[in-house]
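Beneath this line is the structure, given in structure tokens, with notes to follow.
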Amino acid sequence: MFRLIPLFAALVVGETAIAGDSPIQGEILGGFATFVHRDHPGNRIGYRFHEHTPLLFGEIPRETTEAGRVGPSVEERIAQFVRRPGVLEYRKRVTEADWTPQTWTFHLAPVADGIEMLLVVETSEVGLPDFHGIQQCFRLGGETNQEWRQKYARTPAFSEFDLWSRATDESGKVSLTSVWVDGAPRPVPACRESVGYRTGYGESLDTRRSRGRLDWLTHVGSYDARILGTADSGLISRTSLDGKWSCGLYWERSTHLTNHHPADCVHAIVNIGGIPPHSKRVLRGKIYWMPGSGNDLAEHWRRDFPSPE
């Protein structure tokens, strides 16, 4: 009998339109999802569910730890989400080397301004330590990326790689990517090097795992992203050069955000850890894809996640 860890108290569908009213359609292609937008033709965004190895720190909770029990109302909310029209499902039994065996089920529901996501993590004989960070990959490659990548994502409106390929000098390398720092969008530097930010939640975990020496943890993730500072939240976005369209990614319990080239993607490292054996954790996330500026997107995010972790 699975126990539901109470970090899902805020699963709310809200007022957003469901798939019947959504301009977005998607499909699952192996370990990827890909989406098109009726009102933004010529662009296809991609999403990769599983890549590389997790970040690990801390102890695995015992079954007797104070994990709490959430009643059937949460299970019913999950069931309501799954029953929404147009929901896609991706299920994976994670058994690769360097991974604790676990099962992930992603549910993705197109809405008016993007794709709402639900991740259900289930452990078996072994639980997950306090910090079990998994990298989620939002792909935004353009017309100049490798051809095989374009099967999953071909978004000339959001491709930094396209812009930089056409640049005649360093001044033409423009950043389309932002995180939020002190309440305002902060452009992520336009560079081939992988760079990123901690969230406040990630900073608290990094402080623990470095024993108070954050200066020791200068890089993070599978691509060794250089950490530039601390962001307000787990929201990371890109806005087209003309400012007319924006997209973004957010997951609850995000610890780090990174920008990566030449794959032309942004990453959220999400902590799914801190659960005992034979237990379950449920997290909300969202891909945004909408007309407007990065600030417009952030307003939608604040309505969707009024109390972000």
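The values are calculated or read from the model by the stated rules, or taken from the named source; none is laboratory data. Quantities reported herein were computed from a predicted structural model and do not represent experimental measurements. No Cβ is skipped: glycine too gets one built from the backbone with ideal geometry, and neighbour counts run over all protein chains shown.
What is the number of the single condition among (1) of a type in the set (S, T, Y); (2) assigned to a strand (DSSP E or B); (3) crowded, with 17+ Cβ neighbours inside 10 Å that T103 does not meet?
For T103, the exception is condition (3).
Condition check: at pLDDT 95 or above, within 14 Å of H132 (Cβ to Cβ), out of contact with any helix residue (DSSP H, G or I) (no Cβ under 9 Å at 6 or more places or on another chain) and not in a loop (DSSP other than H, G, I, E, B). Does V270 satisfy that? If you could, list the steps in order and put the result at the bottom.
Working: at pLDDT 95 or above: yes; within 14 Å of H132 (Cβ to Cβ): yes; out of contact with any helix residue (DSSP H, G or I) (no Cβ under 9 Å at 6 or more places or on another chain): yes; not in a loop (DSSP other than H, G, I, E, B): yes.
Taking the combined requirement at face value, the residue satisfies it.
Going residue by residue through the stretch 194-206, is there one that turns out to be aliphatic (A, V, I, L, M), modelled with pLDDT of 95 or more and either assigned to a helix (DSSP H, G or I) or under 16 Å from A298 (Cα atoms) (or both)? So that I can check it myself, show each step before the final result.
So in the stretch 194-206, the residues aliphatic (A, V, I, L, M) come out as 195, 205.
Now drop any that are not modelled with pLDDT of 95 or more, which leaves 195, 205.
Still in the running and either assigned to a helix (DSSP H, G or I) or under 16 Å from A298 (Cα atoms) (or both): 205.
Checked against the condition, which is being aliphatic (A, V, I, L, M), modelled with pLDDT of 95 or more and either assigned to a helix (DSSP H, G or I) or under 16 Å from A298 (Cα atoms) (or both), the stretch 194-206 yields at least one hit.
Have a look at L128, L119 and point out the one that is among the aliphatic types (A, V, I, L, M), buried (at least 16 other Cβ atoms within 10 Å of the Cβ), out of contact with any Cys (no Cβ under 9 Å at 6 or more places or on another chain) and over 22 Å from F305 (Cα atoms).
After applying the criteria, what remains is L128.
Is it fair to say S307 is surrounded by fewer than 24 Cβ atoms within 10 Å (Cβ to Cβ), small (G, A, S) and closer than 30 Å to V126 by Cβ?
Working: surrounded by fewer than 24 Cβ atoms within 10 Å (Cβ to Cβ): yes; small (G, A, S): yes; closer than 30 Å to V126 by Cβ: no.
Against the criterion (surrounded by fewer than 24 Cβ atoms within 10 Å (Cβ to Cβ), small (G, A, S) and closer than 30 Å to V126 by Cβ), S307 does not qualify.
Of (1) at pLDDT 85 or above; (2) under 21 Å from Y288 (Cβ atoms); (3) crowded, with 16+ Cβ neighbours inside 10 Å, T16 satisfies all except one. Which?
Answer for T16: the failing condition is (1).
Filter the stretch 226-249 down to residues that are touching an Asp or Glu at 6+ places or on another chain (Cβ under 8 Å) and within 21 Å of I272 (Cα to Cα), then give me how many there are.
Qualifying residue count for the region: 3.
Do we find that A263 is under 20 Å from F35 (Cα atoms), modelled with pLDDT under 95 and not aromatic (F, W, Y) in this structure? Lay out the reasoning, then the answer.
Values: under 20 Å from F35 (Cα atoms): yes; modelled with pLDDT under 95: yes; not aromatic (F, W, Y): yes.
Spelling it out, A263 is indeed under 20 Å from F35 (Cα atoms), modelled with pLDDT under 95 and not aromatic (F, W, Y).
Consider R238 carefully, then state whether it is farther than 26 Å from R149 by Cα, surrounded by 23 or more Cβ atoms within 10 Å (Cβ to Cβ), touching a residue at least 40 places away in the same chain (Cβ under 8 Å) and of a type outside the set (F, W, Y).
The answer is no for R238.
Across the stretch 49-85, what is the number of residues that are modelled with pLDDT of 90 or more, part of a loop (DSSP other than H, G, I, E, B) and either aromatic (F, W, Y) or in contact with a helix residue (DSSP H, G or I) (Cβ under 6 Å, 6 or more places away or on another chain) (or both)?
1
Within the set of pairs 6 or more residues apart or between chains, which connect a residue that is crowded, with 16+ Cβ neighbours inside 10 Å inside the stretch 72-100 to a residue that is assigned to a strand (DSSP E or B) and charged (D, E, K, R) with Cβ atoms less than 9 Å apart?
Going by the 9 Å Cβ cut-off, the qualifying pairs are F81/E116; R84/E116; L88/E27.
Please go through the stretch 276-301 and pick out each residue that is modelled with pLDDT of 95 or more, of a type in the set (G, A, S) and either more than 19 Å from the chain's Cα centre (by Cα) or not in a helix (DSSP H, G or I) (or both).
G285, G292, S293
Matching residues to (1) crowded, with 20+ Cβ neighbours inside 10 Å; (2) of a type in the set (F, W, Y); (3) under 25 Å from Q150 (Cα atoms):
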{"residue": "D242", "(1), (2), (3)": "no, no, yes"}
{"residue": "W245", "(1), (2), (3)": "yes, yes, yes"}
{"residue": "N259", "(1), (2), (3)": "yes, no, yes"}
{"residue": "C265", "(1), (2), (3)": "yes, no, yes"}
{"residue": "I275", "(1), (2), (3)": "yes, no, no"}
{"residue": "H278", "(1), (2), (3)": "no, no, no"}
{"residue": "I287", "(1), (2), (3)": "yes, no, yes"}
{"residue": "G294", "(1), (2), (3)": "yes, no, yes"}
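Select from the stretch 138-180 the residues that are among the hydrophobic types (A, V, I, L, M, F, W, C), outside any helix (DSSP H, G or I) and either touching a Ser or Thr at 6+ places or on another chain (Cβ under 9 Å) or within 22 Å of L235 (Cβ to Cβ) (or both) and list them in ascending order. Write out each step before concluding.
Of all residues in the stretch 138-180, those among the hydrophobic types (A, V, I, L, M, F, W, C) come to 138, 140, 148, 153, 157-158, 161, 163-164, 167, 174, 176, 179-180.
If we keep only those that are outside any helix (DSSP H, G or I) as well, we get 138, 140, 153, 157-158, 167, 174, 176, 179-180.
Residues satisfying the conditions are F138, L140, A153, A157, F158, V174, L176, V179, W180.
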